[in-house]
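The values are calculated or read from the model by the stated rules, or taken from the named source; none is laboratory data. What you see is a predicted model, and the numbers here were worked out from it, not measured in a lab. Cβ atoms come from the backbone with ideal geometry, glycine included; neighbour counts cover every protein chain shown.
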Amino acid sequence: MLDQESNFRKFAAEAGYGRVDVGRFDRGQTITARAREEDFSALLLEGELELTTPNGAVVLHPGDTWSFAAGVVFGERVLGADPVRFLFATRRFSD
């Protein structure tokens, strides 16, 4: 997983994302669907996460990545007995 973390950090830097942070969701937590004001990219490190968009839902596992452009509506739900931990970065473009 360390190689994936390093690769994600390299990708984020090269793609113009800001700082890479660690995110966490608790076991059983549901995050209400919303749109972000900036581009978002993430790498799942631990746990299982269901990601929902207007196009449907997908289950993510450690090592999976997901990205959304600003304005895309998405929600998350933690599956299984373990919390979720992920790396994420955001990028805002000037008009």
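Quick check on my filter: what residues within the range 14-37 are basic (Lys, Arg), part of a strand (DSSP E or B) and surrounded by 12 or more Cβ atoms within 10 Å (Cβ to Cβ)?
If the condition is that a residue be basic (Lys, Arg), part of a strand (DSSP E or B) and surrounded by 12 or more Cβ atoms within 10 Å (Cβ to Cβ), then 24 is the only one that fits.
Looking at the range 18-37, which of its residues are at pLDDT 95 or above and over 25 Å from residue 80 (Cα atoms)?
20
Name every residue in the range 45-81 that is modelled with pLDDT of 95 or more and either in a loop (DSSP other than H, G, I, E, B) or among the basic types (Lys, Arg) (or both), in order of residue number.
47, 61, 62, 63, 64, 77
Which residue out of 54, 83 is touching a strand residue (DSSP E or B) at 6+ places or on another chain (Cβ under 7 Å), surrounded by fewer than 14 Cβ atoms within 10 Å (Cβ to Cβ) and not aliphatic (A, V, I, L, M)?
Just one listed residue meets the conditions, 54.
Does residue 75 count as in contact with a helix residue (DSSP H, G or I) (Cβ under 6 Å, 6 or more places away or on another chain) and surrounded by fewer than 17 Cβ atoms within 10 Å (Cβ to Cβ)?
No, not satisfied.
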